[in-house]
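Inspection log for the structure reproduced underneath, given as structure tokens.
Derivation of every value follows stated rules applied to the coordinates shown; laboratory data play no part. Worth saying up front: this structure is predicted, and the values here are computed from it rather than measured. Neighbour counts are summed over all protein chains in view; Cβ atoms, including those assigned to glycine, are modelled from backbone coordinates with ideal geometry.
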Amino acid sequence: MSTGHVLMGLLSTRERHGYDLKKDHDERFPAARPLAFGQVYATLERLRKKGHVEAVEIERVEGPDRTVYRLTGDGRAALAEWLSEVEKPSPFVSNPLATKATIALLVADEATAADYLRRQRDAHLARMREYTRLKTDPQASIAEVLGADYAIAHLDADLRWLDTALDRIAALDRSLASSPPPTPDDKPLKDFS
Amino acid sequence: MTHSIPDAAETTPPDSATERPPDATTVVHHQNRPVLAARSLVFSYGNTAALRGVSMHLTRGEILAVTGPSGSGKSTLMLCLAGLVTPDAGEVRFGDQVISAEKEAFRSKLRRTDFGVLFQFGQLVPELTAVENVALPLLLAGVKRSSAITAATTWLDRFGVAEVAGSRPPEMSGGQGQRVAVARAMVTEPSVLFADEPTGALDALSGEQVLTQMVRVVREAGTSVVLITHDATVAAYGDREIVVRDGMIDGADHG
Ligand SMILES: Nc1ncnc2c1ncn2[C@@H]1O[C@H](COP(=O)(O)OP(=O)(O)O)[C@@H](O)[C@H]1O
Ligand SMILES: [Mg+2]
């Protein structure tokens, strides 16, 4: 996934200058971080050196000159190749939710970890409500709906994990509660029932 | 953002395109007394304890999502709230009335006039057409046939399924059937709609259409909704969520 491919995709519909590309990008992908102008110009320059885009004219209106770019045949081929590639599924190596729950279990107790997970669940569901409202708005564009679907599916995956984690911690709590009476230096278990 | 809906509604600038506008209903309704409330509900099926002391409330005009794993007691809670079963202990209040203490005849009248109930499979009568199915609750309540059919037609239209008015359930798609079922649950203009996994049998897109339409209509009508689901993407259509776990409200004693 690169900004270059996204800009080439936008250029494939019609030629235009960097300012227009940035605006179009930000409108079409409201869930993405807005592009910085510098990033747009640097990317276009890189694509131009590779022969994927070419400068067709320089618009001279008021203000600075604006270079209008066009997608080349090579650019179109590179775009087609990129579209034919499957994206690598993320490895999910860094999961701040799981890390935090684990630390909560280490430094505190099951109730603290469960409390954190519950509040995290509320926050996730609140965010999911926002996306649900966004995509069921009759005025929503297809880009907004697709973006919201994606965000919702990912939040849903997190929520499933949160539910399983809560079940696991509840089970942990039960198994500790039914194990032999604690030795004097064990801290007392919170009553969870 | 971790705001609940009413907070969001109060803090959202009016020109925000993506948020629901800060409508008066949300703010005002949250100051009202609950339309429905349960206190310490206990219910067992023989030796199986399904509810072990559930307290909750439904605010007027809100959509409350009731979630939790399968077998946690969600459906049983709904049966108690809708007066379809009598709790072993605890009480259910509808406005000022303790309906759990009332006779079945009273509660069944309540279900015809004030409550609408919707299940996973619409439970439409397969021999009747869509419009006849929707008219049925009105006919049972003694409404004249012609008026009942007129009202039913309007409700089918509201749910965007006017085109299947003359079709029988087996001829409809799952999504159409479920929209007809919501229309039937709403035709008596209940103050509370109970929906138990209303889209559980539908694919994601049909489910979304049913829910979107349902939310739009209940908001217009001011209906309060108990939306039961094990699916977070469905719960996200609600204003608020309670989680049932092992027959209890999860986190109830954790603020
Ligand atoms: N008709 C029934 N007879 C006996 N046990 C039941 C019956 N209905 C539900 N149960 C049991 O009661 C518990 C709660 O079930 P239910 O309310 O259906 O949960 P949920 O809707 O969350 O899946 C479960 O253990 C379930 O097996
Ligand atoms: Mg159920």
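Electrostatic bookkeeping for B:Thr86 treats Lys and Arg as +1 and Asp and Glu as -1; over the other residues with beta carbon under 13 Å from its beta carbon, the sum is -2.
Averaged over the residues of peptide B:233-239, the number of Cβ atoms from other protein chains lying within 10 Å of each residue's Cβ is 6. Dividing the radius of gyration of the alpha carbons in chain A by their Kirkwood radius gives 1.20 for Rg/Rh. In plain terms, the bigger the Kirkwood radius, the slower the diffusion; for segment A:3-84, with that radius from Cα pairs, at 20 °C and 1.002 mPa s, Stokes-Einstein puts D at 167 µm²/s.
For a Förster distance of 30 Å, can you work out the FRET efficiency between the beta-carbons of A:Leu97 and B:Ala201, rounded to the nearest 0.05? With R0 = 30 Å, the Cβ-Cβ based efficiency is 0.45. Annotation: the antiparallel percentage among DSSP beta bridges lying fully within the protein assembly as shown is about 60. Note on B:Thr67, A:Thr72: ascending count of other Cβ atoms within 10 Å places them as A:Thr72, B:Thr67, the fewest first.
Within 13 Å, Cβ to Cβ, of B:Lys109, how many net charges do the neighbouring residues add up to if Lys/Arg are +1 and Asp/Glu are -1? Taking every Cβ under 13 Å from that of B:Lys109, the sum is +1. With each label modelled as a point 7 angstrom along the Cα→C-beta vector, the A:Ile142-A:Tyr41 pair spans 3.4 nm.
Per residue, chain B reaches -10500 deg cm²/dmol at 222 nm when only DSSP H runs of four or more residues are counted, each adding -39500 (n - 2.57). Among A:Ile152, B:Ile228, A:Ile103, B:Ile249, a tally of other beta-carbon atoms within 10 Å of each Cβ gives an order, fewest to most, of A:Ile103, B:Ile249, A:Ile152, B:Ile228. In percent, rounded to a whole number, the relative contact order of segment A:96-178 is 33, using alpha-carbon pairs under 8 Å and six or more apart.
Rounded to the nearest 5, what % of DSSP beta bridges with both residues in chain B are antiparallel? DSSP beta bridges in chain B are roughly 50 percent antiparallel. Between helix A:142-177 and chain A, what is the angle of the helix's C-alpha long axis to the longest principal axis, kept within 0 to 90° and rounded to the nearest 10? On a 0 to 90 degree scale, this one is about 20. Between A:Arg16 and A:Tyr69, the built amide H atoms are under 5 Å apart, and every one of these is 5 or more places off in sequence or on another chain. Taking every residue in B:60-73 and counting other chain Cβ atoms within 10 Å of its Cβ, the average works out to 1.
Residues whose amide H lies under 5 Å from that of B:Ile249, counting only those 5 or more places away or on a different chain, are B:Ser55; hydrogens are built 1.01 Å from N in the peptide plane. Remark: C-alpha extents of the protein assembly as shown on the principal axes read 83, 78, 40 Å, sorted largest to smallest. Its relative contact order, with pairs defined as Cα atoms under 8 Å and 6+ residues apart, puts chain B at 27 percent. Counted by neighbouring Cβ atoms within 10 Å, the residues A:Glu27, A:Glu15 run from fewest to most as A:Glu27, A:Glu15.
Modelled spin labels at A:Arg174 and A:Ala111, positioned 7 Å past Cα toward Cβ, are 1.9 nm from each other.
Look at where the Cα atoms of segment B:106-128 and of segment B:184-255 average out, and the two centres are 16 Å apart. Couplings 3J(HN,Hα) for segment A:19-34, derived from phi with the Karplus relation 6.51 cos²θ - 1.76 cosθ + 1.60 (θ = phi - 60°), are 4, 4, 4, 4, 4, 5, 4, 5, 6, 6, 10, x, 7, 7, 5, x Hz, where x marks Gly and Pro. Quick one: longest stretch of chain B between exposed loop trypsin sites (Lys or Arg not before Pro), exposed meaning at most 15 other C-beta atoms within 10 Å and loop per DSSP? Longest site-free region, per DSSP loop and neighbour criteria: B:145-255. Rounded to the nearest 10 degrees, the inclination of helix A:37-49 to the longest alpha-carbon principal axis of chain A is 60 degrees. In a simple Cβ point-charge model (Lys, Arg +1; Asp, Glu -1; nothing else charged), the protein assembly as shown has a dipole of about 460 debye relative to its Cα centre. Looking at chain A, the DSSP beta bridges with both ends there are about 100 percent antiparallel. Using a cut-off of 30 Å between Cα atoms, the listed pairs B:Lys74/B:Lys144; A:Lys23/A:Lys50; A:Lys23/A:Lys135 include B:Lys74/B:Lys144 as exceeding that distance. Net charge within 12 Å of B:Met214 by Cβ-Cβ distance, Lys/Arg positive one each and Asp/Glu negative one each, not counting B:Met214 itself? It works out to a net charge of +2. Less than 17 Å from a label point 7 Å out along the Cα-to-Cβ axis of A:Asp26: which backbone N atoms in segment A:1-19 qualify, by residue? Label zone hits: A:7, A:17-19. Look at the alpha carbon pairs under 8 Å that are at least 6 residues apart: their mean separation over the length of chain A gives a relative contact order of 18 percent.
Peptide A:139-152 has a mean shielding of 1, counted as Cβ atoms of other protein chains within 10 Å of each residue's Cβ.
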